[in-house]
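The values are calculated or read from the model by the stated rules, or taken from the named source; none is laboratory data. Keep in mind the model is a prediction, meaning the values are calculated, not measured. We place every Cβ from the backbone using ideal geometry, glycine too, and count neighbours over all the protein chains shown. The area values use the complete protein model at the heavy-atom level, side chains included, leaving out ligands, DNA and RNA. Shrake-Rupley method; radii C 1.70, N 1.55, O 1.52, S 1.80 Å.
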Amino acid sequence: MECHMRDQIVEKVKDAGVVGAGGAGFPTHVKINATVDTVLVNGASCEPLLMSDPYIMEHELDIMIEGLNAVLDATGASRGVICIKGKHAKALQTIKDAVAKDT
């Protein structure tokens, strides 16, 4: 990928103030400024009552995949993996349906 495009993606994420939700608030722009082989989308929703990840995957999957593709471009990764717990059956099926349509 052209370095200029990578810089634009990283700068947009930085300007938006996106940080990790894991408690430490690690800046996402630092993560996507790295070069990696695989990007993981963490949709595990580990808090018992937290349902935002499966909700987004059910109702806003196109936007999530668009974001994943931007991160793949920025990091140079050749593969993206969406991680979700099996108990979120509807979100899992939505993802499987989207993948099936794309192949």
Item checked: Protein accessible area in the chain, 1.4 Å probe - carbon and sulfur % -> 57
Next item on the list: List the residues whose amide H sits under 5 Å from the amide H of Val19, counting only those 5 or more places along or on another chain, with H placed 1.01 Å from N in the peptide plane.
Entry: Thr28
Item checked: Computed P(r) (all Cα pairs; the range 1-102; 10 Å bins; percent) -> 14, 44, 34, 8, 0
Check: Quick one: Karplus J couplings for the range 20-37, per residue in order, coefficients 6.51, -1.76, 1.60, θ = phi - 60°, nearest Hz, x for Gly and Pro?
Finding: x, 9, x, x, 7, x, 5, x, 5, 4, 5, 4, 7, 8, 8, 9, 9, 8
Next item on the list: For the range 1-102, report the accessible area per residue in Å² (1.4 Å probe, heavy atoms, rounded to an integer).
Entry: 68
Margin query: What does the extension gain come out to for Ala34 and Ala16, with contour length at 0.36 nm per residue minus their alpha carbon separation?
Written below: 4.7 nm
Checklist line | Calculated from backbone phi, Karplus (6.51, -1.76, 1.60) coupling profile of the range 60-74 in Hz, x at Gly/Pro | finding: 9, 4, 4, 5, 4, 5, 4, x, 4, 4, 5, 5, 4, 4, 5
Margin query: Counting only helical runs of four or more DSSP H residues, what would the 222 nm mean residue ellipticity of the chain come to if each run contributes -39,500 (n - 2.57) and the total is spread over all its residues?
Written below: -16000 deg cm²/dmol
Item checked: Residues whose placed amide H lies under 5 Å from that of Gly80, excluding near-sequence neighbours -> Val39
Next item on the list: Set the Förster distance to 22 Å, then compute FRET efficiency between Ser78 and Cys3 from the Cβ-Cβ distance, nearest 0.05.
Entry: 0.80
